[in-house]
1. Looking at the stretch 277-459 from every direction and averaging, what is the projected area of its Cα convex hull in nm²?
2. Is any residue of the stretch 91-110 close enough, with backbone N under 20 Å, to a label point placed 7 angstrom from the Cα of residue 122 along the Cα-Cβ axis, and if so, which?
3. Which angle from 0 to 90°, rounded to the nearest 10, does the C-alpha axis of helix 159-173 make with the longest principal axis of the chain?
4. Compute the long axis of helix 313-328 from its Cα atoms, compare it with the longest principal axis of the Cα atoms of the chain, and write down the angle in degrees, 0 to 90, nearest 10.
5. Based on the Cβ-Cβ distance from residue 4 to residue 360, what FRET efficiency comes out when R0 is 41 Å, to the nearest 0.05?
6. What FRET efficiency comes out for residue 50 versus residue 349 if R0 is 60 angstrom and r is the Cβ-Cβ distance? Round to the nearest 0.05.
7. On a 0 to 90 degree scale, rounded to 10, what angle separates helix 17-27 from the longest Cα axis of the chain?
8. Give the span of the stretch 346-453's Cα atoms along each principal axis, as three whole-Å numbers ordered largest to smallest.
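Taken together, the values in this text are just the output of simple stated rules run on the coordinates, not laboratory data. Everything numeric here is computed off the predicted structure, so don't read it as measured data. Neighbour counts are summed over all protein chains in view; Cβ atoms, including those assigned to glycine, are modelled from backbone coordinates with ideal geometry.
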């Protein structure tokens, strides 16, 4: 038995039955999103005749381990760390020539844990850096680019995160070194920030760009079709890394993150960050709101959300009153919402800006908040939920009512950056008691909060 590891694929010759069984177990998963759609339409005879039904049936049970015609096994090289006690022929290699990258403005030095992560990156061709929001993933990426001096592509899920990354890179290396690909721009330079959808659509172009490193920011998005296609089409690149605060999924497709970016090299979560005083300590409150007068929809999240949140005066007044009281007491408040209509209403009622992410003013509103020119800010998950720096947050209002652990942890991280001696952050959450579904989601959030700290209280 022998394993041949290349940059993008690992072949195992003459595998034993036990190894094949173990790898198949580790690399197989059920796509819960496909399972949900199939379950929802189980009695729909028309749907069962559609191409969408056939596609979801194919997605339902999947494996990233493949058997070749000669009996060998093949798998993405991101799983190479699973090959213990096997003879290995390692053919992985660097790609791309060196490029000069002098500092224009030298950034902050790395903290000890960031330097540890950079050392691990140097020793591994693939890997995930899991740092909680506020622990400096972008700064680490900037130093990694400087260290490896390779032509680099940074893949981001959307324009908001991309613009933030682009700005930080321009500050460090100068505008002439940094390109942006997406949103109508197609400039590839020594360092290029690329929106995933645009990079995916032009992957062939990036194949010819002599890349030496790819960094996937917010790499928990890797199982998305655009992200995963990029990892496969550009898998020959020598160094590929993922950055995230949440290296897991709620849809069962965690294995695809590993397939694309490799194993987790280092994990520093919120609990670690708070313990070591790199993050402010969250203090959680979940307010119970009686919405029993609103119609209860059993299994329809959107209808429940509209009935018990968007169109519920009781819930609206509770959220608005909390924000207003905190601001009047001298605290700076960030409120996260899911729907634009909800955020617009809160913004207008209180008179604070709303960063929707849908206009050019959104980043300006964030900048004003960070520069303490305004006391409060409302933001959608799409604009502020991940990847956007929000600094002087004394109180975080969770009016987005998400249920999945990853988005909850990402949202909480928006309030935990340490600035001006801040040591704590109040996090307000809400439970619509009249909706069985939304109440169940609220209980899930409580369990996630309690994994972080014992400072969690339910109030009426």
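1. Details: hull surface 38.5 nm².
If you wrap the Cα atoms of the stretch 277-459 in a convex hull and average its projections, you get 9.6 nm².
2. 93-103, 106-110
3. Taking the Cα atoms of the chain, the angle to 159-173 is about 70 degrees.
4. Long axis of 313-328 versus the principal axis of the chain: about 90 degrees.
5. Numbers: r = 51 Å, r/R0 = 1.24.
About 0.20, to the nearest 0.05.
6. Values: r = 44 Å, r/R0 = 0.73.
Efficiency, rounded to the nearest 0.05: 0.85.
7. Once rounded, the angle reads 30 degrees.
8. 39, 31, 23
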